[in-house]
Ligand SMILES: [Zn+2]
């Protein structure tokens, strides 16, 4: 077994403890051996990163590898419809590779077409393609004209919902994804309305649980939130509390149940949230952007109330390239008033817990050696998240 020794100015292990100054990190094979301060053991490979900080590999829990991140949602939908399966596969492979090179060592894909994302996952696991470790849902379950119906997995009745979920499990999905409300991206759907009754959501989540797989529910208004809570889906994607066109209503009782049931919410730091960084968003007057202050206020209440949260990019949707997660994290620091440490924990330790991958997410002995080396100190300046010096996945250098 190969042993590597890494040194840097700082190491943030994401366990909640303080930053370790002048760390000596030992990698044994594919795992973290030890994290110490002090003199280096002699006779092992040395990798010195002066001026740098080592953090765990990033985990983006909601992306769409087959999407192009074009300038408008209509253009993304058109692209997905126009490209052949082979083109979509090549696009997904390129996106996966780009993600890894900015330090994202684990991805969860929340909606692809056909079996393309499973194929990407399997090629990466076999070593035939370079990319993060990937969890995928295959296609998301949705209604005939519902959000992302153009990805192709339609289910209207409870019987159809059951068959759709069974089909995804048969097609080797790692988890199930249901569009519990409409989405902003799909004009024929209504984000304000629940697409399914609580029974259908519970049916999917129960079926997943019966084979130890979790369910993610897309919830873009409060209409579907009680159903997602009742069904105990593992992750509530977006978790939006909007009750009317321009009114949000936070419900502390519902929030309490989310905490008690150990559910996780995924806060979406896609381009729509990035008004501080993207001029074309700052000048956009569409609803989701006009409502950002109200949205962020609800997200702040969830965080202060103690709801477990992750930050995700929803990469692939308009203006949100797969390698821009760092910009999303900087947005969360600015708009949700998180410390950089809180933002990093949300895409490492907490993200790993949320999707049930307990072998990663922190730099503790025994965990997978997935890590990123950043120039500078990201704990005092989140902009350093964009300055990637090196990436290691499972003890192997990807970029150095
Ligand atoms: Zn999405």
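The values are calculated or read from the model by the stated rules, or taken from the named source; none is laboratory data. Bear in mind the structure is a predicted one, so any value in this text is a computation, not a measurement. Every residue, glycine among them, receives a Cβ derived from its backbone with ideal geometry; neighbour counts consider all protein chains shown.
Identify the single condition in (1) at pLDDT below 95; (2) not assigned by TED's automatic domain parsing to the domain that holds residue 383 that residue 78 does not satisfy, given that it satisfies every other one. Unmet for residue 78, out of (1) at pLDDT below 95; (2) not assigned by TED's automatic domain parsing to the domain that holds residue 383: (1). For the range 365-387, filtering for residues that are assigned to a strand (DSSP E or B), under 12 Å from residue 326 (Cβ atoms) and under 19 Å from the mean Cα position of the chain (by Cα) leaves 1. Evaluate the range 138-147: report whether one residue or more is in a helix (DSSP H, G or I), in contact with a strand residue (DSSP E or B) (Cβ under 8 Å, 6 or more places away or on another chain) and either within 14 Å of the ligand (Cβ to nearest atom) or assigned by TED's automatic domain parsing to the domain that holds residue 210 (or both). Within the range 138-147, none of the residues are in a helix (DSSP H, G or I), in contact with a strand residue (DSSP E or B) (Cβ under 8 Å, 6 or more places away or on another chain) and either within 14 Å of the ligand (Cβ to nearest atom) or assigned by TED's automatic domain parsing to the domain that holds residue 210 (or both).
This table checks each residue for (1) surrounded by fewer than 23 Cβ atoms within 10 Å (Cβ to Cβ); (2) within 16 Å of the ligand (Cβ to nearest atom); (3) assigned to a helix (DSSP H, G or I).
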| position | (1), (2), (3) |
| --- | --- |
| 262 | yes, no, no |
| 277 | yes, no, no |
| 281 | yes, no, yes |
| 294 | yes, no, yes |
| 310 | no, yes, no |
| 320 | no, yes, no |
| 328 | no, yes, yes |
| 334 | yes, no, yes |
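A count restricted to the range 165-186 and to residues that are without any contact (Cβ under 8 Å) to a residue 40 or more places away in the chain and surrounded by fewer than 24 Cβ atoms within 10 Å (Cβ to Cβ) stands at 3. Residues in the range 48-68 that are within 15 Å of the ligand (Cβ to nearest atom) and crowded, with 24+ Cβ neighbours inside 10 Å: how many? Going through the range 48-68 one residue at a time, the tally reaches 8. Working only within the range 235-265, note down all residues that are out of contact with any strand residue (DSSP E or B) (no Cβ under 7 Å at 6 or more places or on another chain) and within 20 Å of residue 147 (Cβ to Cβ). Correct list: 240, 243, 244, 245.
Would the range 238-245 turn up any residue that is assigned to a helix (DSSP H, G or I) and either farther than 25 Å from residue 342 by Cα or touching a helix residue (DSSP H, G or I) at 6+ places or on another chain (Cβ under 9 Å) (or both)? No, the conditions are met nowhere in the range 238-245.
Restricting the range 101-137 to residues that are in contact (Cβ under 8 Å) with a residue 40 or more places away in the chain and surrounded by fewer than 21 Cβ atoms within 10 Å (Cβ to Cβ), the residue that is farthest from the ligand (Cβ to nearest atom) is 130.
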